[in-house]
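Written out below as structure tokens is the structure these notes cover.
Rule-based calculations on the coordinates, nothing more; no lab input. From a predicted model like this one, the values you see are computed outputs, not experimental measurements. Using ideal geometry, Cβ is built from the backbone for each residue, glycine included, and neighbour counts are taken over all protein chains shown.
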Amino acid sequence: MRFSLHSHIGRKLASARVLVGASLLALSPVLGWAQTATPYTTSQNFEAANRGGNLHYTATNTGNNPGSARLYNLSSDNNDSPAESPQYVGATGNSFGIENPSASNSLRTTQITFDNVQLSSSAITSTMVFRFAAFATGKNGGLDNTGSLVVSINPDSAKSENAPSAYQDVLTVRGSADNSGTYWSFNNNNALIPASGGYNNPQVYTATSQLATHYTEIRVNLNSGLLSQAKVRITLNANAKTRLLIDEVRISSSSPLPVELVRFTGEAQEKNVALHWITASEKNSDYFEVQRSTNGETFAAIGKVQGEGTTSSISNYLFTDRAPVAGLAYYRLRQVDLDGTESYSPVAAVEWKGAALASFYPNPSAESITFTGPDGVLQYRIYNAKGQQVTMGEAASGSTVNLSAVPAGMYLLELSNKGQRSVQRFVRL
């Protein structure tokens with residue numbers, strides 16, 4: 001059984017698993033995902049924020065200020081379009097995009113990141129198709145060589161969005177090099193040339209008024225047997241006096257319904273972090289390993305929850321991290337089948353602000369740290385980013401611990417006293 005994301009709950013809640021834990025174990029490698037040949041399409045038409053289909057998204061720079069990214073109504077917002085730009089035809093309702101009303105060369109940028117989607121593991125290509133329009137909002141406006149639309153793919157949903165090289169650009173559509181600007185509507189009457197790129201075949205296209213290469217429909221090949229899952233991001237870079245819009249996004253694949261993961265969330269509580277996930281169905285599921293990271297890249301296991309085996313009913317799971325990391329931490333699930341096959345869920349970020357059992361200073365530290373806290377003896381353990389113990393010992397409040405034997409890097413400091421325990425991050429310079 002391998003994860004797929006499920007967008008709604010349609011059956012009665014059937015079972016629940018509850019487990020608590022906070023042990024630190026080693027990270028296991030990522031393997032592929034099993035697939036079944038059940039074709040499906042997930043879509044987003046932006047008729048309402050995240051309610052225009054079952055392909056949900058997040059966007060940066062959202063708001064209603066001039067130049068911000070937002071939903072554009074194709075009727076009312078058409079009144080803002082001057083004579084230089086064609087009419088908003090070929091689409092109805094809302095589209096999503098960004099406008100740059102400035103006459104300067106500085107870009108206005110937004111990124112639209114769509115939920116992780118399971119893809120076919122066969123040679124049959126999974127595709128993403130959407131419509132793209134560019135408008136001039138003033139004289140000499142329109143897409144030029146500084147503006148662009150960029151489609152990027154993150155093939156590992158378990159990797160943090162901010163991790164280096166998480167996304168690879170696979171398709172770029174930009175304006176002409178003569179800076180004259182070009183524009184077209186969703187129903188461009190010129191020759192339409194669908195743009196197609198792929199994870200193993202990055203492409204760059206130039207839209208020019210002279211050649212009428214206006215890419216109203218964009219088609220991206222998400223994989224050719226290379227990817228089993230992907231998160232797709234569209235970046236819109238609007239140059240001066242230009243509005244860029246996308247609409248009718250559809251991702252199609254001849255793939256899953258393996259383990260349908262409906263939701264995976266984390267909630268910071270007074271003393272714990274509660275993790276909750278729901279599966280709509282499971283096939284040959286053995287167990288879920290809960291993993292945590294302090295940097296979004298290197299994860300270590302902190303507990304294990306038994307799976308349901310094979311079931312077509314909805315299952316609820318709860319795991320409590322009773323020794324959370326102070327500050328921002330990242331959680332994910334490693335799902336293991338009965339045959340040992342494994343896969344990973346998307347990452348959930350949780351910021352825990354509970355009071356620490358004890359404190360220390362300085363942080364970062366070059367040579368030593370000094371403890372402050374309750375009376376009595378503190379037991380401490382220091383773990384590296386992989387969850388491996390580096391050193392341990394005991395210290396009283398006000399005492400100093402030498403870190404000369406600890407290499408430079410980021411660590412977790414676990415403190416215990418009278419049955420209580422807390423984990424904090426620190427940096428060794």
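Here are some notes:
- In this structure, the amide hydrogen of SER368, modeled 1.01 Å from its nitrogen in the peptide plane, lies closer than 5 angstrom to those of LEU403, counting only residues at least 5 positions away or on a different chain.
- Listed by chain and number, the aspartates and glutamates whose alpha-carbon sits under 14 Å from that of LYS304, ignoring those within fewer than 8 places in the same chain, are ASP286, GLU289, ASP321, ASP337, GLU342.
- For the listed peptides 97-105, 342-350, a ranking on the average number of other beta carbons within 10 Å per residue, highest first, reads 342-350, 97-105.
- Signed unit charges on C-beta, dipole axis of segment 333-384, positive-most listed residue VAL350, LEU333, ALA366: ALA366
- Protection-proxy order for peptides 108-117, 361-370, 260-269, each taking the mean of Cβ atoms within 10 Å per residue, highest first: 108-117, 260-269, 361-370
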